[in-house]
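Below: the structure, in structure tokens.
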Amino acid sequence: MPKISAVIITYNEERNIGKCLESIQGLVDDIVVVDSYSTDNTEEIVKSFGARFIQHPFEGHIEQKNWAITQAKYPHILSLDADEVPSDRLKDSIKRSKENWTHDGYYFNRLTNYCGKWIRHTSWYPARKLRLWDSRKGEWGGINPHDKFIMKRSSTKKFLRGDLYHYSYYSINEHVQQINKFSTIVAQAYFKANIRANFINIAIHPVWRLFRDYIIKLGFLDGFYGLIISVNASHETFLKYVKLRDLYREKRRKEQNVICFFNSVKTWGGGEKWHFEMANRLHLKGKSVRIFTNHKSELKTRTNESAIPISSIRINNLSFLNPYKIIKLAIIFRKLKVRVIIMNLSADLKVAGIAAKLAGIPHIIYRRGSAIPIRNSILNRFLFRKVVHQVIANSNETQRTILSRNPKMINLSKIQIIYNGINLPRFDEAELTFRYKPKANQVVIGNAGRLVKQKGQKYLIDLALNLKKRKIDFKILIAGEGKMENELRSLISKNGLVRNFEFSGFVEDMKGFMQSIDIFVLTSIWEGFGYVLVEAMACNKPVVAFEISSNPEIIEDTKTGYLVPAFDMEAMTDKVVQLIKDKKLREELGKRGRERVENMFSIDKTQENLENLLMDYSEIPYD
């Protein structure tokens, strides 16, 4: 004689579970209740009956019931809902089947009590349910939330006499609320299974359901509640198909509102970091995003590690002379239903911008991340007046330089300032891999950036010579790679400063780098937005930089760091020395710098500003 495990799933079932458990005492040999973290007294009631109580996250009725089976002691299962109770006749039938188990599964009728009345017609009765079976012979399936146990083809089944009492709804309002909930679940399940909603589903099926339940299945014999059940069944049918249609409409809307981030740069820099982070964040919020980038770029490598769709492209400064490339891109944009394209490079603007115009993309955005004046050429005037709809500048200084050579290049109202942001939670939680251990009483000065003329690392040599004259023990760490590295090393050696400098190469762990220094010094000749200043301030480090470009927008002079006249190395040296000699001052400036980053330069703020800019774009119809 096989032993039987009763398996029940629950969530806030204190009203029903006690009656259910009491009814199967002595009928089964094991009771397991799998609960989805109820907030009422379900757990206490279950344990009072000596049943095993296990909590498990709810991922769907089918998924939960299949998982619950694995927790049973015995393979022969009596599956019940918390609001079900076997009648005395059904219990006798189950006992006889247990004593003489001849089939793989047993099914029986379920009789539902609705608002205190037993419903003996409509599609609710007789409703045959397979609830007693050998779990090795099948598994739960169907469409959520209307699950059913599906047995293997070779399995045998038998009908048992007696009803399974189902205490369903205690009020009509409760039923209506459940209809709304269940119709949503069914619509989502249909959508996942690629089931479509058409005119017949929406207009004919609800009418047929009402006629079938109330007339053919004699629902009118159940009086007022027979009518209510039939109408609600029709309404649920209508709702699930309407909601399914909405899901497909939303899918089409997303598919036809792709936000394209176009960046062909091979190397990794601030613009590429911005594109990747914004694309990833919008993607995680459910937006349709695609990245176009060079097939050998660092941006592609990082995108491949995410779930963002990607397209490989090759663009150079002369690609705009190739009409085949432009037309090919326009066809791709059209096929992908791109609504917004954001570019970050002038070469990309000349090719992808024109292709986007040909494709009829409603919003063509150029993001400017460098505070370099735009040439007042015929081509640029055409691009900014006839192609570009919006410009994103990463600072006020960048905005100024866009118009410096031609104030009429683009209307000022079309330029939106969105500062670069830092992901502070991720930055704070990042594991430290970079380590530098200074000598005792040695102050460490940091600088980070590509080793190119723009970043002005040559001024660090002047700073080092001045500090050496003042007999200060220091070390300058330089993070970055570039074509000027050999020249810088040669000048350092020539001036006898080899012991005072250390080249760290490309540093992935900027937090670890910043944590290894005492003061951050930026010597750039110009900056669109000094992101490394923000990273230093995020690590509570005081910063010193020239009063040029966007630096004054980031640094509050004397509050979070120091701004010195452009290329005045004596003034820069004075401020660095002041910080070297006053540790408390370094800590105060660093603390205020961190507060400024939190208030102005967080990635959440950047995302919010970008989303506000894009907010109305997705509703513009495609040409």
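Give the residue, chosen from Thr70, Thr42, Thr10, that is more than 29 Å from Trp124 (Cα to Cα), modelled with pLDDT of 95 or more and β-branched (Val, Ile, Thr). Reasoning before the result, please.
Numbers: Thr42 fails: more than 29 Å from Trp124 (Cα to Cα); Thr10 fails: more than 29 Å from Trp124 (Cα to Cα).
Exactly one of Thr70, Thr42, Thr10 is more than 29 Å from Trp124 (Cα to Cα), modelled with pLDDT of 95 or more and β-branched (Val, Ile, Thr), namely Thr70.
Give me the residue from the stretch 123-148 that is over 19 Å from Leu90 (Cα atoms) and in contact with a Gly (Cβ under 6 Å, 6 or more places away or on another chain) and, out of that set, surrounded by the most Cβ atoms within 10 Å (Cβ to Cβ). Step through it out loud before you land on a result.
Within the stretch 123-148, the first condition is being over 19 Å from Leu90 (Cα atoms), and the residues that meet it are 123, 135-148.
Next cut, in contact with a Gly (Cβ under 6 Å, 6 or more places away or on another chain) only: 144, 148.
Values: Asn144: 18, Lys148: 13.
It comes out as Asn144.
Does Arg426 meet the test of being touching a residue at least 40 places away in the same chain (Cβ under 8 Å) and surrounded by fewer than 16 Cβ atoms within 10 Å (Cβ to Cβ)?
Values: touching a residue at least 40 places away in the same chain (Cβ under 8 Å): no; surrounded by fewer than 16 Cβ atoms within 10 Å (Cβ to Cβ): yes.
The answer is no for Arg426.
For the stretch 440-454, taking the residues that are in contact with a Ser or Thr (Cβ under 7 Å, 6 or more places away or on another chain) and either at pLDDT below 95 or among the β-branched types (Val, Ile, Thr) (or both), the one that is farthest from Glu535 (Cα to Cα) is identified as Gln454.
Being farther than 17 Å from Pro425 by Cα and at pLDDT 95 or above is the requirement here; does Glu553 meet it?
On the way: farther than 17 Å from Pro425 by Cα: yes; at pLDDT 95 or above: no.
So Glu553 does not fit the description; no.
Consider the stretch 285-312. How many of its residues are hydrophobic (A, V, I, L, M, F, W, C), closer than 13 Å to Cys260 by Cβ and surrounded by fewer than 21 Cβ atoms within 10 Å (Cβ to Cβ)? The qualifying residues number 2.
Among the candidates Glu305, Glu298, single out the residue that is of a type in the set (Asp, Glu), touching a Phe, Trp or Tyr at 6+ places or on another chain (Cβ under 7 Å) and in the same structural domain as Ala352 (by TED's automatic domain parsing).
Numbers: Glu305 fails: touching a Phe, Trp or Tyr at 6+ places or on another chain (Cβ under 7 Å).
Among Glu305, Glu298, only Glu298 is of a type in the set (Asp, Glu), touching a Phe, Trp or Tyr at 6+ places or on another chain (Cβ under 7 Å) and in the same structural domain as Ala352 (by TED's automatic domain parsing).
Determine whether the stretch 111-121 contains at least one residue that is in a loop (DSSP other than H, G, I, E, B), in contact with a Pro (Cβ under 8 Å, 6 or more places away or on another chain) and touching a residue at least 60 places away in the same chain (Cβ under 8 Å).
If we filter the stretch 111-121 for residues that are in a loop (DSSP other than H, G, I, E, B), which is where we start, we get 115-116, 120-121.
Then keep just the ones that are in contact with a Pro (Cβ under 8 Å, 6 or more places away or on another chain); that gives none.
Checking the stretch 111-121: not a single residue is in a loop (DSSP other than H, G, I, E, B), in contact with a Pro (Cβ under 8 Å, 6 or more places away or on another chain) and touching a residue at least 60 places away in the same chain (Cβ under 8 Å).
Scanning the stretch 353-364 for residues that are in contact (Cβ under 8 Å) with a residue 60 or more places away in the chain and farther than 11 Å from Val388 by Cα yields a count of 1. Considering the stretch 130-157, the residues that are closer than 30 Å to Asn180 by Cβ and small (Gly, Ala, Ser) include one that is modelled with the highest pLDDT, namely Gly141. Among (1) under 24 Å from Ser516 (Cβ atoms); (2) assigned to a helix (DSSP H, G or I); (3) modelled with pLDDT under 95, which single condition is Leu465 missing? Here Leu465 meets the rest and fails (3).
Ile472 fulfils the conditions (1) β-branched (Val, Ile, Thr); (2) within 27 Å of Phe529 (Cβ to Cβ); (3) part of a loop (DSSP other than H, G, I, E, B) except for a single criterion, (2).
Restricting attention to the stretch 463-476 and to residues that are charged (D, E, K, R) and farther than 20 Å from Ser504 by Cα, the residue that is surrounded by the most Cβ atoms within 10 Å (Cβ to Cβ) turns out to be Lys468. Being crowded, with 18+ Cβ neighbours inside 10 Å and touching a His at 6+ places or on another chain (Cβ under 9 Å) is a property that does not hold for Gln399.
Residue-by-condition table, conditions (1) buried (at least 20 other Cβ atoms within 10 Å of the Cβ); (2) in the same structural domain as Gly270 (by TED's automatic domain parsing); (3) closer than 30 Å to Ile402 by Cα; (4) small (Gly, Ala, Ser):
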position: Ser524; (1), (2), (3), (4): yes, no, yes, yes
position: Gly528; (1), (2), (3), (4): yes, no, yes, yes
position: Val543; (1), (2), (3), (4): yes, no, yes, no
position: Pro565; (1), (2), (3), (4): no, no, yes, no
position: Asp568; (1), (2), (3), (4): no, no, yes, no
position: Asp574; (1), (2), (3), (4): no, no, no, no
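Which of the helices (runs of 4 or more DSSP H) contained wholly in the stretch 164-278 include at least 2 residues that are in contact (Cβ under 8 Å) with a residue 12 or more places away in the chain and among the aromatic types (Phe, Trp, Tyr)? Give the steps one after another, and end with the answer.
On the way: elements: 172-192, 205-211, 223-255.
Because the criterion is at least 2 residues that are in contact (Cβ under 8 Å) with a residue 12 or more places away in the chain and among the aromatic types (Phe, Trp, Tyr), the helices (runs of 4 or more DSSP H) in the stretch 164-278 that meet it are 172-192, 223-255.
Taking every residue in the stretch 546-572 that is on the phi > 0 side of the Ramachandran plot and pairing it with any residue that is crowded, with 19+ Cβ neighbours inside 10 Å and among the hydroxyl-bearing types (Ser, Thr, Tyr), at least 6 positions away or on another chain, the pairs with Cβ-Cβ distances below 9 Å are Ser549/Ser395; Ser549/Thr398; Ser549/Thr401; Ser549/Ser524; Phe567/Tyr459; Phe567/Thr523.
Condition check: modelled with pLDDT of 95 or more, in contact with a strand residue (DSSP E or B) (Cβ under 6 Å, 6 or more places away or on another chain) and of a type in the set (Lys, Arg). Does Lys541 satisfy that?
Working: modelled with pLDDT of 95 or more: yes; in contact with a strand residue (DSSP E or B) (Cβ under 6 Å, 6 or more places away or on another chain): yes; of a type in the set (Lys, Arg): yes.
Criteria met by Lys541.
If only residues of the stretch 483-503 that are within 21 Å of Leu579 (Cβ to Cβ) and within 45 Å of the chain's Cα centre (by Cα) are counted, the one that is surrounded by the fewest Cβ atoms within 10 Å (Cβ to Cβ) is Glu502.
If you take the residues in the stretch 405-414 that are among the basic types (Lys, Arg) and not in a helix (DSSP H, G or I), which one is surrounded by the fewest Cβ atoms within 10 Å (Cβ to Cβ)? The residue in question is Lys408.
Give the residues of the stretch 451-482 that are among the acidic types (Asp, Glu) and either touching a strand residue (DSSP E or B) at 6+ places or on another chain (Cβ under 8 Å) or assigned by TED's automatic domain parsing to the domain that holds Ala371 (or both), sorted by residue number.
Within the stretch 451-482, Asp473, Glu481 meet the criteria.
The values are calculated or read from the model by the stated rules, or taken from the named source; none is laboratory data. Please read all numbers here as calculations on a predicted model, not as lab measurements. With ideal geometry, Cβ positions are generated from the backbone for all residues, glycine too; neighbour counts draw on all protein chains shown.
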